[in-house]
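Visitor: Before I ask anything, let me first share the structure, which is written out below as structure tokens.
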Amino acid sequence: MKGKNNEMNENKIAGFFDKDSEFKGDLFFKGSFRIDGKFKGTINSESMLIVGEKGKVEADINVGYLINNGEIKGNIQSREKVEINSKGRVIGTIISPKLVIEEGAYLEANCQTSNKVSPSLTEKNQHRNEP
């Protein structure tokens, strides 16, 4: 039961920049954070970042999970997953184990995903290439 409470607290919105907000600087947060305004700087968290449709972010981003419905320019690193929804725009670099791009999204980025190949597949391919 303890794990469930921590999980719910992690997914709860802990902070929010409204559409009329503009911030510059370094952002650190615990819990989920949503940006619907303008932000320029760096963002660091092990939690979830949500960029709303009106959100415009120009930053180096390092988060646990990212959901983008707005515009991001910069370098994105995610420990879990990056989702770019249909109205989302990304210009920059994305490094994440999982990357989901919805139809209609705009992406102008270098992307790197880790893809662990199981040892059994590796062994099969090595045996096929032997003379």
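Visitor: Quick check on this structure: which one of Ile61, Ile95, Ile91, Ile67 is without any contact (Cβ under 8 Å) to a residue 60 or more places away in the chain and farther than 21 Å from Lys38 by Cβ?
Guide: Criteria check complete, one pass: Ile95.
Visitor: Which pairs turn up if I take residues in the stretch 101-115 that are part of a strand (DSSP E or B) and of a type outside the set (Phe, Trp, Tyr) and look for partners that are surrounded by fewer than 14 Cβ atoms within 10 Å (Cβ to Cβ) and at pLDDT 95 or above with beta carbon separation below 6 Å, at least 6 apart in sequence or on another chain?
Guide: So the pair list comes out as Glu108/Ile91.
The values are calculated or read from the model by the stated rules, or taken from the named source; none is laboratory data. None of the values given here were measured: they were computed from a predicted structure. Quick reminder, even Gly has a Cβ in these numbers, built from the backbone with ideal geometry, and neighbours come from all protein chains shown.
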